[in-house]
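> My questions will all concern the structure given below.
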Amino acid sequence: MKNILILGLGNLLMDDDSAGVVIAQELKNEILEDEQLKIVEGGTLGLDLLNYIAWADKLIIVDAIDMGFEPGTVIRAEGQDIDPIFESKLSPHQMGLKDILLAAELIGDRPEEIVLFGIQVESIQMNMTLSEKVKKNMQKLKSKVIEELNISKNFSRG
């Protein structure tokens with residue numbers, strides 16, 4: 001069976017940038033973790049996340065993005081398509097994630113599968129409140145993550 005890590009990234013102090021951490025917090029309350037599933041509120045921990053990432057066969061990242069889409073737009077990217085998303089740095093943790101994935105690859109611990117679920121930000125001010133457009137699509141973001149998890153668990157059992 002695969003080890004699956006759901007990693008919520010972001011900064012709780014910066015409005016929409018908190019989306020990934022908020023989703024991880026909600027999932028921790030709704031889904032029972034086990035030997036093959038970990039849900040981590042990664043926040044802005046940077047290299048401290050390397051051990052979690054090294055453990056995972058499949059990494060599901062949940063994060064806020066800034067790709068110029070309509071605010072609240074939910075996207076899915078996987079594999080090497082993730083790297084360009086972190087080129088437009090929304091906040092410092094994204095550079096950290098790119099570095100972590102590179103470090104994991106260099107030491108042979110990059111997860112076999114990596115999927116990113118992102119939500120386009122509208123505001124990244126220091127107000128600690130999700131914008132209405134992002135808040136409106138948080139359930140959609142969480143549903144996509146749960147759908148990916150269910151697909152992964154079904155395939156890993158077969």
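The values are calculated or read from the model by the stated rules, or taken from the named source; none is laboratory data. None of these values were measured; they are calculated from a predicted model. Side chains are part of the model used for accessible areas, which takes the heavy atoms of the whole protein and leaves out ligands, DNA and RNA. Shrake-Rupley method; radii C 1.70, N 1.55, O 1.52, S 1.80 Å.
> Within segment 1-58, track down each residue that is of a type in the set (G, A, S) and either open to solvent by 30 Å² or more (accessible area, probe 1.4 Å) or at positive phi (or both).
G10, G43, G46, A54, listed by residue number.
> While we're here: Within segment 104-116, identify whether any single residue is in a loop (DSSP other than H, G, I, E, B), open to solvent by 80 Å² or more (accessible area, probe 1.4 Å) and of a type in the set (V, I, T), and answer yes or no.
The answer is yes, given that some residue of segment 104-116 is in a loop (DSSP other than H, G, I, E, B), open to solvent by 80 Å² or more (accessible area, probe 1.4 Å) and of a type in the set (V, I, T).
> In segment 123-152, what residues are open to solvent by 40 Å² or more (accessible area, probe 1.4 Å) and at pLDDT below 95?
Listed by number, the residues that qualify are I124, Q125, M126, N127, M128, T129, N150, I151.
> If you scan segment 38-55, which residues turn out to be of a type in the set (D, E, K, R) and at pLDDT below 90?
Passing the criteria: only D48.
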